[in-house]
Amino acid sequence: MALQKETGILLDVDYENIGNESAIIVFLRTKKGIQKFFDSDFRPYFFAKAEQHAGMHFDKKFFLEIHLPENAKILDAEETEKSSEKIWKIFFHNTTDLKIARSVLKEIPGLKVFEYDIPFARRYLIDRGLSPMAGHEVSFEEMHGKKILKKILAFEEEKIPLKIAAIDIETYSPERFSNPQKDPILMISYADEKTGTVFSTKKQLCKSKNCIVSETEKEMIERFVSFLQEKQLDIIVSYNGDNFDFPYFRERSRKLKMEFDIGFENTPMIIRKKGLSDTSARFRGMQHLDAFSMLQMLSRFTVVSLIKYDLESVAKRLFGYEKKKITAKEINKIWETETGLEELVDYNLEDSVFALRIAKTYLQLLIEFCVLAKQDLFDVSRASASQLVEALLMRKAFELNALVPNRPSEDSVSARMQKTYIGGYVKEPIAGLHENIAVLDFRSLHPSIIISHNISPETLNCSHRECESGKNLSPEKDWFCEKKSGFLPMVLKEILGKRIEIKKELKKAKKGTAEYSQLEARSQALKILLNSHYGYLGFARARWYSMECARAVTAWSRQYIREVGQKTEATGFTVLYNDTDSCFLKIPKNKTQEDVKKFVEEINKDLPEAMDLELEGFYKRGLFVTRRESKQAAKKRYALIDFEDKLKIVGFEYVRRDWANIAKETQKQVISTILKDGKPEKAVEIVREKIAELKSGRTLKKDLVIMTQIKRPLDKYSSIGPHVAAALKAVKKGKEIETGSVVEYIITKSGESISEKAQLEEFVKEGNYDANYYITHQLLPAVIKILKELGYSEDDLIQGGKQQKLGAFG
DNA sequence: TAATTCGCTAGACCGA
DNA sequence: TCGGTCTAGCGAA
């Protein structure tokens with residue numbers, strides 16, 4: 001049989017049971033569309049190791065003769081080596097047998113099993129070193145119409161543009177929610193990079209361009225399904241399709257007795273429950289990218305910072321676009337009265353357009369994660385920090401022929417959670433307004449410490465005498481081997497090296513080019529992964545958990561930043577502030593910026609190779625304030641202005657979402673006027689004006705709204721704060737408030753306590769606000785700390801003079 | 001249901 | 001009605 005070749009982008013790996021054998025299926029996006037290849041040579045397996053102290057001996061015959069329930073069989077057992085220790089690799093015909101066998105082998109005394117919970121498809125990706133979303137070349141044979149994969153290798157040159165499109169549905173909801181048992185899908189929109197299409201059943205829309213009108217809902221869905229099948233998408237985008245659109249499609253299809261098979265080769269959709277309320281929708285071959293899940297993932301990595309996740313808020317925040325919202329009630333009305341159908345079409349389509357736009361904005365970054373962690377787009381776009389780190393470590397462990405540690409039991413998870421350790425060092429700042437500041441910080445402090453001191457679970461407290469007192473003895477008295485490179489440092493060294501290389505290339509590349517944005521995404525992905533490893537070490541559910549390692553990292557971080565501080569002072573600068581990896585210093589009159597640069601160089605000479613103190617920047621002025629309830633200066637709050645008059649506000653109310661706009665904006669203006677020209681009189685004037693505005697009752701709702709997240713079920717609160725009180729009142733009025741949602745409330749005139757006065761913004765009329773509250777609890781607290789540093793008191797801010805008491809407002 | 005610790009501030013809550 | 005303590009949320013690194 002002749003060997004053929006094909007190249008393409010690896011989209012997905014899955015498996016199928018053919019007879020008794022589990023066979024891997026590789027989905028490759030080739031120039032001819034998605035193609036699938038079978039690899040039946042790859043067998044499911046896990047490891048079993050004799051526990052040394054037990055003194056038991058196991059041979060091949062032992063494994064092959066183990067009796068398993070349900071006719072399950074061990075295919076083969078092979079003795080091999082992992083981390084220079086003998087270990088048995090146990091093979092199976094299929095994944096069902098593997099699952100049965102692992103629970104039996106787990107119970108055999110003296111035997112320990114490993115890597116038994118790695119899903120088969122992922123096992124394949126790891127063992128074959130494949131990166132989803134990257135180019136590959138396959139060699140295959142054609143047999144009975146099936147393509148049998150013989151070999152698969154990376155093929156970097158492959159550049160096929162992926163077919164990506166978004167979909168969105170509108171549903172009928174005569175009651176509070178749409179119920180897929182009764183309420184039909186009204187419209188379905190589809191948007192790709194060039195075209196938009198809307199499916200509906202309203203005859204009036206026949207003449208509208210972009211509309212495909214059907215007689216019935218069933219026909220509409222059928223036409224949509226065949227439309228999608230024709231498109232052969234590589235990536236299908238939705239906005240919350242995991243929890244809404246696709247489960248709704250499933251329920252409606254069941255009800256209408258039809259199939260909803262939009263996966264590759266008309267395979268069905270797979271809807272999985274993950275947790276109590278969350279689901280996910282997955283297809284074969286074609287990757288489902290839920291832009292909503294993706295944004296949540298990106299916010300966990302602080303790539304995006306979003307307050308509310310509804311499409312309108314996101315469009316505003318990311319693209320500055322004011323998207324019109326049509327509420328469920330309005331949709332019903334449009335549908336019933338058949339007026340405004342065109343607007344509904346536009347709305348439906350716009351949702352798809354924006355879902356697509358959001359997805360495309362971050363696709364490059366996600367693809368880099370796929371390549372690094374060797375996970376498909378579906379998994380990566382829904383992953384947590386620990387999942388990504390762990391995926392990367394598992395693949396590295398395979399490459400280095402090291403055994404992957406098992407997941408901890410629930411008992412050891414809770415035991416681990418009891419243990420805590422000390423974190424970074426934060427120095428109390430010198431309060432006040434300062435001039436001529438330099439900020440230094442360590443580049444990737446935690447990873448560089450891990451590399452420099454060879455911190456890793458398996459190098460911890462090694463048996464060498466010499467290592468006990470060498471350079472890798474941590475301030476917490478744990479030590480790390482100096483003779484053998486640790487697993488974690490090896491991994492991080494590689495990532496750090498790659499990142500430095502990419503940054504060099506980035507300097508050569510032209511801004512705005514495709515190459516530039518790819519390098520940028522790669523650098524960002526590497527940075528995120530790099531910085532997630534330290535937290536992972538202290539994460540109780542981590543396979544590579546080590547509290548001692550995490551503790552050592554922070555202990556050294558404290559030591560290094562303190563040393564920088566001491567040297568700073570010894571050189572004649574003043575340390576204004578330290579937080580974990582940064583040092584703020586004041587440049588005295590007799591020193592220059594050049595002196596700072598020289599000083600940084602000097603420090604770097606004494607640091608280990610992987611560590612690097614960087615000059616973050618110079619600032620014209622900086623402000624630190626004292627805390628509200630003490631004379632101490634506040635940590636983690638400051639404002640800086642550089643020589644281009646660019647403002648940097650950190651930690652203050654201005655950057656917090658749980659403060660009203662009126663307070664935040666006024667605070668920003670105050671900080672800005674003070675830092676720009678150092679004259680506070682104008683700032684005082686601004687505050688007085690704002691107080692007058694509040695008193696007059698003219699302030700608009702949008703400037704009074706306070707946003708706070710409801711973080712638990714409403715009945716689980718022991719202390720009822722304003723946000724909970726507002727939510728409870730809203731629930732009584734028939735509103736549904738889920739855990740995790742952000743409530744927007746206003747402190748109104750009616751009620752005694754603040755909680756009593758709190759009402760959701762949507763139930764409050766313009767002008768109904770407690771001016772006294774907003775002056776004394778929002779505006780003044782936000783600005784007084786700052787103005788106090790310049791010698792002003794609260795009374796100075798209040799128009800009308802000092803004799804008036806604060807309680808006089810209202 | 002999944003990275004860490006450090007830190008600030010508010011408003012409720014509770015007992016005198 | 002007061003002052004201290006606790007609950008809660010969010011941000012910095």
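For this structure, a couple of remarks:
- Ranked by how many other beta carbons lie within 10 Å on average, peptides A:76-88, A:607-619 from highest: A:607-619, A:76-88
- Counted by Cβ distance under 13 Å from A:THR267, the other residues give a net charge of -3, where Lys and Arg count +1 and Asp and Glu count -1.
- Projecting the Cα atoms of A:ILE152, A:ASN406, A:THR80 onto the charge dipole of chain A (Cβ charges, centred on the Cα centre) puts A:ASN406 farthest toward the positive pole.
- Calculated from backbone phi, Karplus (6.51, -1.76, 1.60) coupling profile of the stretch A:77-82 in Hz, x at Gly/Pro: 9, 9, 8, 9, 10, 9
- Options A:PRO119, A:TYR654, A:ALA540, ranked by Cα towards positive dipole end of chain A, top entry (Cβ charges): A:TYR654
- Working from label points 7 Å from Cα in the Cα-to-Cβ sense, the A:GLU501 to A:GLU629 distance is 5.3 nm.
- Charge dipole magnitude, Cβ of K and R +1, D and E -1 - the stretch A:5-78, Cα centre, debye nearest 20: 380 debye
- Packing-based ranking of A:711-721, A:681-691, A:529-539 yields A:529-539, A:681-691, A:711-721, ordered from highest to lowest mean Cβ neighbour count within 10 Å.
- Taking each DSSP H run with n ≥ 4 as -39500 (n - 2.57) and averaging over every residue of chain A yields -11500 deg cm²/dmol at 222 nm.
- Neighbour-count order for A:SER582, A:SER409, fewest beta carbons within 10 angstrom listed first: A:SER409, A:SER582
- Anchor A:LYS484: aspartates and glutamates whose Cα lies under 13 Å away (excluding residues fewer than 8 positions away in-chain): A:GLU458, A:GLU466
- Sequence-ordered 3J(HN,Hα) estimates for the stretch A:424-431 from the Karplus curve with 6.51, -1.76 and 1.60 and θ = phi - 60° stand at x, 9, 10, 8, 5, x, 8, 5 Hz, glycine and proline given as x.
- For the stretch A:717-803, size of Cβ-based charge dipole, Lys and Arg +1, Asp and Glu -1, in debye: 200 debye
- When each of A:LEU341, A:LEU306 is scored by the number of other beta-carbon atoms lying within 10 Å, the sequence from fewest to most is A:LEU306, A:LEU341.
- Counting only cysteine Cβ atoms and a cutoff under 4.7 Å, chain A contains unmatched residues A:CYS206, A:CYS211, A:CYS370, A:CYS467, A:CYS549, A:CYS583.
- Between A:ILE262 and A:MET269, the built amide H atoms are under 5 Å apart, and every one of these is 5 or more places off in sequence or on another chain.
- Counting neighbouring Cβ atoms within 10 Å and putting the fewest first, the residues A:ILE649, A:ILE754, A:ILE437 line up as A:ILE754, A:ILE649, A:ILE437.
- Options A:ILE747, A:HIS57, A:GLY135, ranked by Cα towards positive dipole end of chain A, top entry (Cβ charges): A:ILE747
- Taking 0.36 nm per residue of separation and subtracting the Cα-Cα distance, full extension of the segment from A:SER299 to A:GLN387 would add 30.2 nm.
- Around the amide H of A:ILE212, modelled in the peptide plane, lie the amide H atoms of A:VAL198, A:PHE199, A:SER200, all under 5 Å away and 5 or more residues distant in sequence or on another chain.
- For chain A, size of Cβ-based charge dipole, Lys and Arg +1, Asp and Glu -1, in debye: 1380 debye
- Measuring against 25 Å, Cα to Cα, the residue pairs A:LYS32/A:LYS511; A:LYS231/A:LYS360; A:LYS255/A:LYS324 contain A:LYS32/A:LYS511; A:LYS255/A:LYS324 as the ones spanning a longer distance.
- Ranked packing of A:55-64, A:505-514, A:215-224, most packed first, by mean Cβ within 10 Å: A:215-224, A:55-64, A:505-514
- For the residue pairs A:LYS419/A:LYS477; A:LYS316/A:LYS733; A:LYS664/A:LYS702; A:LYS308/A:LYS733; A:LYS664/A:LYS695; A:LYS329/A:LYS733, alpha carbon separations beyond 20 Å are given by A:LYS316/A:LYS733; A:LYS308/A:LYS733.
- In sequence order, calculated HN-Hα J values of the stretch A:721-738 (Karplus, 6.51, -1.76, 1.60; Hz; x Gly/Pro): x, x, 5, 6, 4, 4, 5, 4, 5, 5, 4, 4, 7, x, 8, 9, 10, 8
Throughout, read-outs are computed from the coordinates displayed, never taken from laboratory work. Since we're looking at a predicted model, the values are computed, not measured. Here Cβ is always computed from backbone atoms with ideal geometry, including for glycine, and neighbour counts include all displayed protein chains.
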